[in-house]
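The values are calculated or read from the model by the stated rules, or taken from the named source; none is laboratory data. On a predicted model such as this, the values are computed, not experimentally measured, just so you know. In this analysis, Cβ positions are derived from the backbone assuming ideal geometry, glycine residues included, and neighbour counts consider all displayed protein chains.
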């Protein structure tokens, strides 16, 4: 298995980066939709249903597949011989950040269900503030991967 993963390393890395770009685009955009949904749309209107449809499609058709492929190709990279030095600290920080990003993804999915049920109680300000969380995680992840500070 190790020899195969080493032979397709650049393909795996490329597909991982593509997946991450798609996932992050959704991670950044969905909370912005929630801000507009919260601040500009009355519950039960045609516009409410339109927002719910856009949010569902973004989550289920783009974000979920992108998250799954990010995890798949990321785990393939982790299993590729010679890529990760587990005695270093950076892989552990990066892994913690990826788990936190996955939690945020799931948090967004739960919020979508609240919009569908008409039970959202969060403000646009709350969603704006939460939108900073993946930005911080992304910064840490990129630094861990490129700089490998420890």
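Summary of values
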| item | result |
| --- | --- |
| Subset of segment 49-58 that is over 14 Å from residue 25 (Cα atoms) and touching a residue at least 24 places away in the same chain (Cβ under 8 Å) - its residue that is surrounded by the fewest Cβ atoms within 10 Å (Cβ to Cβ) | 56 |
| Condition met for residue 39 (part of a helix (DSSP H, G or I), touching a residue at least 60 places away in the same chain (Cβ under 8 Å), buried (at least 19 other Cβ atoms within 10 Å of the Cβ) and in contact with a helix residue (DSSP H, G or I) (Cβ under 6 Å, 6 or more places away or on another chain)) | no |
| Looking only at segment 127-148, and only at residues there that are closer than 14 Å to residue 39 by Cβ and buried (at least 16 other Cβ atoms within 10 Å of the Cβ), the one that is modelled with the highest pLDDT | 127 |
| In segment 77-106, residue surrounded by the fewest Cβ atoms within 10 Å (Cβ to Cβ) [restricted to those that are more than 23 Å from residue 149 (Cα to Cα) and touching a residue at least 12 places away in the same chain (Cβ under 8 Å)] | 102 |
| The one condition in (1) at pLDDT 95 or above; (2) exposed (fewer than 12 other Cβ atoms within 10 Å of the Cβ); (3) not in a helix (DSSP H, G or I) that residue 61 fails to fulfil | (3) |
